[in-house]
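Below is one structure, written out as structure tokens; the observations come after it.
Bear in mind that the values in this text are calculations on the coordinates, not laboratory data. Values in this document were obtained by computation on a predicted structure and should not be read as measured data. Neighbour counts are summed over all protein chains in view; Cβ atoms, including those assigned to glycine, are modelled from backbone coordinates with ideal geometry.
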Amino acid sequence: MHKRPEGKAHGGLWEFPGGKVEPGETPVDALVREIAEELGLETHRSELEPAGFAQQMPDEQAIPIVILLYTARWSGAPITLSEGGSIDWFEPEQIEALAKPPLDIALARGLFQKPSD
């Protein structure tokens with residue numbers, strides 16, 4: 001998880017790392033780029049698997065937001081933060097307890113939801 005730098009939107013809250021899809025990019029291409037920019041990690045398209053999504057309901061003052069969540073493998077290479085904040089690894093129960101923006105709360109809930117028997 002990535003802790004947003006103070007002074008930015010949702011500053012001090014924990015989020016799943018990622019970012020905006022630029023014109024001409026696919027969501028997967030954007031994620032590969034964002035993970036490299038934010039965390040200094042190399043990921044590959046073939047290692048990414050869709051895991052869920054969350055969306056902000058549109059209102060008159062904000063552009064609607066849709067966040068796509070992917071799982072990925074990590075090679076264990078060093079991590080270099082380039083956009084501030086901090087990162088840490090957590091167990092699912094710990095992630096549930098972290099202070100997060102609303103859409104990340106929904107993403108975590110969907111990712112760690114236990115299948116019904």
*Could you give the length gained on full extension between residue 44 and residue 9, defined as 0.36 nm per residue of separation minus the Cα-Cα distance, in nm?*
9.8 nm
*By count of other Cβ within 10 Å, fewest leading, how are 111, 48 ordered?*
111, 48
*asked:* Suppose R0 equals 30 Å. What FRET efficiency, 1/(1 + (r/R0)^6) with r the Cβ-Cβ distance, do residue 57 and residue 88 give to the nearest 0.05?
replied: 0.50
_Square roots of five times the Cα gyration tensor eigenvalues for the chain, Å_ = 20, 19, 17
*asked:* Suppose the chain between residue 99 and residue 33 were pulled fully straight at 0.36 nm per residue; how much longer would it get relative to their current alpha carbon spacing?
replied: 21.2 nm
